[in-house]
Each structure stands twice: as C-alpha cells, then as structure tokens.
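First up is the structure itself, then whatever we jot down about it.
Every number in this text was worked out from the coordinates using simple rules, so none of it is lab data. Note that the structure is a prediction, hence the values are computed from the model and not measured. Methodologically, a virtual Cβ is constructed for each residue, glycine included, from the backbone with ideal geometry; neighbour enumeration extends over all protein chains shown.
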C-alpha cells in the first residue's frame, strides 16, 4: 500500500509539474502555422534566435505547430497559446479577429504587403517528360486524366487550386457559369481527395496515382528536390492565383505571456533581408526585389491574379465557394 | 454514498460483502467526471440548433452518403470477420500446424498497433504500386483510395473481436455432443450446422457486434486509405472533422450526437447479447 | 474483448484431431486452414512486416538516427508520461467498478455496464472534441481556466484526459466477467470470519484476479500509447512539447521522412509485439494457476 500511495503521489507531482511547465517557460514563442511551411520555419527559427540574441543579448526559442491552416486557426481560437500565426489564407486570421479579438482588426496594416512576407502560386507537377502533355488549366478538364488536389473543404492548398481553376476562366472573360462548368470537369477527374497538401503529394509521388498534381510552387519544387528530379517536372500554367501567406501577432496571447516584443520582432524578421533570403531558399517568392533578383532562376515569371481583384473580397468568396451547400459542394455532390 | 447505495438497492443477501457504497459511488463519480459530463457537452452544444436545423445537418446528402459508407462498410467488415474469424478460431483450437502460437498471439495486433501506423502500412500495401495492390491492379481491382480500401482497414481493426469471443466457447465445447451426433449417423456438415453453430451463435453475434461498433467510429486507419471522395469514400468521422475545419462546432456536434446515440444502442444490444450468450451456453461469463 | 481466454488453458488440438467424431475430411480441413491462414497473412502479418521493412529500408544508421532525434525522444517521453498517468487511474476505476458490478445485484446493472463500455465505441474524433468543448477557450470552463492560467487542451493534461477517456473501459471490461465467474462465496466466507473489506480484497479477491487484471492493464497501456485520433484533436501539435509518438509518426510522414516515420512506427509495433508476448505469458501463467487449483 505504501508503495502504491508513493507512486500515486509521484504521478500527481509529475502531472502538476507538466501543468506548470507549459505556463512557466518564458522567452519562448509558439508559431502556429499551416501544413507545408514546416521546413521554412525550421530554418527561420534558429536564424531569428541568433538575430534576437545579437540585438538584445537574450535567448528566445521558437516552437512550431503545424496542421491544416483552418484547423490551426481553430486550435488557436480554442486556446492553443500561439504568439504568432502564419497562415496561407487571410480568412484563417480574420476568424481570430471575429472570435474573441485574439488578433487586432487592422492586422493587415501592421506589416508591409498586407502583412504577407511572401507569396506563392498554384502550379502543376507532372511525371517526367510530361507524357500527357499538360500545359495549361484547360488540359486538366480533358476526360480520362487523373488530377490530384487536396480536399478544398479541409485544406487551404485545395481551396487555392479550386479558385485558381475558377479564376483561369474568369480572367479570360468567362462567366461564373462557364467557370463552374469548367471546374466541375476538372474535379470530375479527381480520384482522391487527401486531407492536406502533404497527403496529396504522397498520393501522387509514392502511390503513383494520377497524371498531374496541382499544388503550391514551393511544394512542387520541394518534391522535385526531395523525391527525385528525374521523376517529376514542374509545369507553369499561363495564369495562376496569387497565394500570399498572411502573418499576425496573436495580441491577447502575447500580452498574457509578455512576449509582445519578441513576437513583433519575429514577424519583422520575416520581412528583413535575411528572412527574405531564407524564404526564397525554400522556393517561396520573396517580397524584397533584391532577394527576388538573387534567386531569379528559381522563379520563372508567371502571370497571377489576386482573389480580391478578380473574384471579390475573401469574406464573400470563401462562404460562396466553400461553405456547406456552397459552389464546391454543389459541384462535387451533383456530379 | 448510502443514498446512492439505497437507490440501487442491492438485494438483501448480497449485502454481506462490504464496499458496495464505496465502489459504486467511486464508479459513478469517475464515470460522470470523465465520460458522462464530457459527452453531455456534445448534446448541449448541438442543442444550439433548432430541431429543423439539426435535421438538415444530419440528413445532408453528403452526410447521409457517409452514414451509408460507414455503417455499410462496417457491417460488411464485421461479416467478413465473422466468417474468417470463425475459421481462424476453429483452426487455432482444433488443428495443429507450425507457427500456431505465433499466430494466436498476433491476432491481438490490431488492438495494440496504433491506428495511424496501421493506416499508413495498409495504404503502402494496397496502393496500386504496393505489394498486394500491384497484384490486384492487373485484375482491375483497386483497393486503396476506394470504398474497398475503407473495408480493408475496417476488417483489419475488427479481426480480434470474433476470434477472441468464439475461441473460448470452441475450447469449452464438449466433444460428447459431436460424438453423439456422429453415432446417430449425422453427416459432419449437419453436425456443424445443427449442433455446433447454434452453440457458437451468441458468441459469434457478440464478436460481430463488437467489431461493428469499433469499425463505425474508426478514423485513424481509414483516413489514409479511403481517398475521401465526397459521396463515395467519405466516412462519418471525416464529416465531423470537415465541419470542425470550417469552425462549425455546432454542426460537428450534431453529427456526433447521431453517432453517439447509435453507438449506445449498439452497445446495449451487445451487452444483452452477452447476457443471452451466458444463459445459452450455461456459462457464467 | 479477449476476456474469456485469460483463464483458459489452451486446449490440446490433438484431442480433436484423433477423434473421428470431431475431425473433418482432409479437404475441408485444408480449406478452413487455408482460408484462416490467408486471412491472417493478408490482414495481420503483411502490415506488420511492411512497417519493419519500410523502417529499415535505408539501413540501421538512418533507423537509429531517427529514433535518437530530440523531437522523437520528446515524443517517446510524453507517450510514457501519458500512459503512466492514464493507466493507474483506469486501473483503480476498473477494480472499483468490477467490485460493484460483479459482486452485487442491483437495478440498472446492464445500463451501467453499457455506459462504461461507451468510450470504446465512441469515435476517437468525438472523444477529442468533447474536451475541446469543455476546456477550450470558448468552452464551458474556458474563461475560468484562462483566468487561473491553467492549460488543459493543447497541453499535456488534455492529452492525458483524452487518453484516459479512450482507454476507460479496458480494465473494467476484463475484470467484470472474471469476477462474476468467480462468484462471491470466498469473499463472503472471509467477511464472516471477521476480515475487513480491505483485507478481503487484498488477500482473497486480488490473488484470484491478478492475471486478468494484468492483462487488462497491458491492453489498456497498449491503447494508451497508441491512441491517435482523440489525442490529435487536443494536442496542438507543438513539436517537442505536445506530440506523442503516433502524432510524431504522422508529422514525419508528412515531411516525406518516410524511413523515420516508419522507424518510430516500428517502435510502436515493437511495443505491440511485447504487449502480445506478455499477454501470452500471462495466459500461460494463468492456465498454470488454474491447473494447480484443479
């Protein structure tokens, strides 16, 4: 009995220790981010730590949490104590403004370029030699083709793909009806909808399913690098979507944890030349003209459109397309 | 505690033993804190919807398609497990063959192997370029990323249930019954059908129901192999996740309520089956 | 679950094979055996082999590096802590519940047993969701917890809670049928002879149920370490802080680090194998105990 109460006591102590551990550790930041930015921030975090140390003489550790963009936003809204959020879609930060004012309403104005340190775009990844001769969006609607995209319901990457396909019709002066007819043909070619960008990549590259993977430029470049340049090649369509990644400080968390200064400096670092260079190394298009020029060979010019300019404000576009019973649901359910 | 004890009113002759109040009290408090109160949160949250809204959410076409897949595939998986689980249990009890001990031990693997690991391993095996998938693909059978893949994952997680409920009954089976049947001239198949199967039926049903109940809620292993196509290969737990991704807590809990109620009914049936099984076999377990 | 097997000495199959009345014709026997073995190979053996094959595909060096990675070690530690808290809690509960249910007759017993079983068939996703509804920032206790700076969800306590929930019925489920089968005569005799409740339990009941208890604990532990769905919802996925081993597997997998993902997975599979080995040992011990008392 003695030994039992002893174990119970030590267990209780362990539980309490772990409780306080989360709260006590200062001079750490938590960056809640989306799924495919993990390699980027793995490099950014130590670089920022060194820069902060050089500037203030203090240590700071940045922890990372990754998942689907919306899922991460929801976790932060439900209490995940992230000091900064770095998402791939502005609606996922707007939701934090709406739900309990975790982020300042004017978060877009607090950093350059609407608080987006980099941008990327949706491109095609095809098998080596492009056997199906896929050149542009219109080719994706060809009957019998296998198109791999992540699930637009659960992934920002998938939503950008949907909107890019939609926008490719609108940009040529097509109507909403034309756009819907086109994307429904494209999505009829989709054999698997993975939960996130990474799942779709695995399906395409490891399981050999499909003829083309539509994903972010940085992801396509990473695949070519990590999984063999001899197996895949990237195809740039004539026009694609501007997918800017927004960032913000979670004010309420930073205030509570006393990390506001570090959190702001962290986001500032993303816009600094050093930060932009790391960003470019990971095949995200940097905002700095100078850094972009340095890495010009990585980023072939591509015409892009902004969601806000072509399709309307995100606040309207998002529910119109992706809410339950929205355009996406109607298309996939009725096919 | 005594009030609790009084409510449950254990019959007089069982009162000799001490500790009823304490143990039932502790059981109820722990059960309430960890299971009942948390689960009630689901019901209360879904009550934020009006009845009509609730109905709309839980009968949306995609959700209904997901019930069909979740419950249909689970039913089929449980049935497959009933047949092959019985064969496996039969072989383990009645035959001698090399590796029997190892196979007997590995039957419990799906209990112990984390579902995500199982999902990844099964997908790797049954995808078009996997060890098994590459054999089936030329025959025109696609497993991974189709409803068939869902079925494979659900069969995997349900394997131990039928084997482990049928096995002890088979071991306890008196050979006299079969000897009597044989001496009366009954064909072996007739003996199996008329003598053995009726005795095994309650245990088979229990195993079937347990495998079914487990399969309906399964998420981790299925999600990798399912393909997740709307109306085709989306399981109900994925619909809950999808709602959550859209910040739709209330919608998610509405579907959760449907699943919870069904689970509870299922389990109640299982427990009654077990009581019946105990009676039918004359065993007190 | 695998309840009844525990106290059974495995029956010698020879008994059936030598008896004409309980023997099948050779082709029936071959068919049944073939079907059983094919099923076993396809659904149990191959997935297990695949895990180890993938883990070692790039050699032992990669394998060991993957396991000694700081984040992997943190995940292993968190998994151990979680199991260390969750299993004893459910152990105490399981014994109390089994005592009440098996040794006494009372109203609503089937109902209570069903409630205890409920977490077993609740989808893990829902299991995680309920704790977010309770302890999340906008949950019932969210404000109070935030005011007192207590973190439950997206921290270790939430992971422990979700794990306790999904492993809730395991010990109780093993013990209830076992204790029912044993009846209460022995305990009643002890009580009549003047033993108090605790002595009765410690000296009479516990020795009778110890193997079943251990079996329940082992299954409970295996599930606690392997839970994915529920923990995934409440974890927050903070590298090195709130990732358990199954979550770490998923992360590595998503980083295209397949060898490392399967390396950590193989550790979990190894745990499953140790679990099964222990289980077999317990069954053997239990059958020895039965033989002795016979």
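Odds and ends about this structure:
- Chain B: most fluctuating residue of B:188, B:94, B:214 per GNM, C-alpha cutoff 10 Å: B:188
- Geometric descriptor of chain B, per residue, is 199 Å³ (volume of the convex hull of the Cα atoms).
- For chain B, built as a Gaussian network whose Cα springs stay under 10 Å, the top-fluctuating residue of B:91, B:144, B:79: B:91
- Against the empirical curve 2.2 N^0.38 Å, the C-alpha radius of gyration of segment B:71-111 lands at a ratio of 1.35.
- Highest-fluctuation residue, C:68, C:25, C:266 considered, GNM on chain C with Cα pairs under 10 Å: C:25
- For the protein assembly as shown, share of DSSP beta bridges that run antiparallel, in % to the nearest 5: 55 percent
- Directionally averaged projected area (convex hull, Cα atoms, segment C:14-56), nm²: 4.0 nm²
- Efficiency of FRET from Cβ geometry, residue C:280 and residue A:43, R₀ 41 Å, rounded to 0.05: 0.30
- Label-point gap, in nm, between residue B:135 and residue C:68 - each point 7 angstrom along Cα→Cβ: 3.9 nm
- Most to least packed among C:71-78, C:104-111 [average Cβ atoms within 10 Å]: C:71-78, C:104-111
- Over chain A, the Kirkwood radius and the radius of gyration, each from Cα atoms, give a ratio Rg/Rh of 1.02.
- For chain C, the spherically averaged projection of the C-alpha convex hull amounts to 21.5 nm².
- At R0 = 45 Å, FRET efficiency that the Cβ-Cβ distance of residue C:13 and residue C:58 yields, to 0.05: 0.60
- Inter-chain Cβ neighbour average for residues C:167-175, partner chain, 10 Å: 1
- Per the Kirkwood formula applied to alpha carbons, segment A:82-207 shows a radius of gyration over Rh ratio, Rg over Rh, of 1.03.
- Antiparallel bridge percentage (DSSP; both residues within chain A; nearest 5): 50 percent
- Two-site FRET efficiency, residue B:79 against residue C:49, from Cβ-Cβ distance with R₀ of 30 Å, rounded to 0.05: 0.65
- Among C:89, C:267, C:278, the ranking by other beta carbons within 10 Å of each residue's beta carbon, starting with the fewest, stands as C:278, C:89, C:267.
- Averaged over the residues of B:230-237, the number of partner chain Cβ atoms lying within 10 Å of the residue Cβ comes to 4.
- Cβ-based exposure ranking for A:176, A:94, in which fewest neighbours within 10 Å come first: A:176, A:94
- Spherically averaged projected area of the convex hull of Cα atoms, segment C:28-133: 13.0 nm².
- Packing-based order for B:28-41, C:120-133, using average beta carbon neighbours within 10 Å, highest first: C:120-133, B:28-41
- Note on segment B:145-285: Cα Rg divided by 2.2 N^0.38 Å, N the number of residues, gives 1.40.
- Computed from the Kirkwood radius of its Cα pairs, the Stokes-Einstein diffusion coefficient for segment C:173-266 at 37 °C and 0.692 mPa s stands at 197 µm²/s.
- In angstrom, the C-alpha Rg and Dmax of the protein assembly as shown are 29.0, 96.
- Ranking of C:268, C:214 by count of other Cβ atoms within 10 Å, fewest first: C:214, C:268
- Shielding of A:219-229 by partner chains, average beta-carbon count, 10 Å: 1
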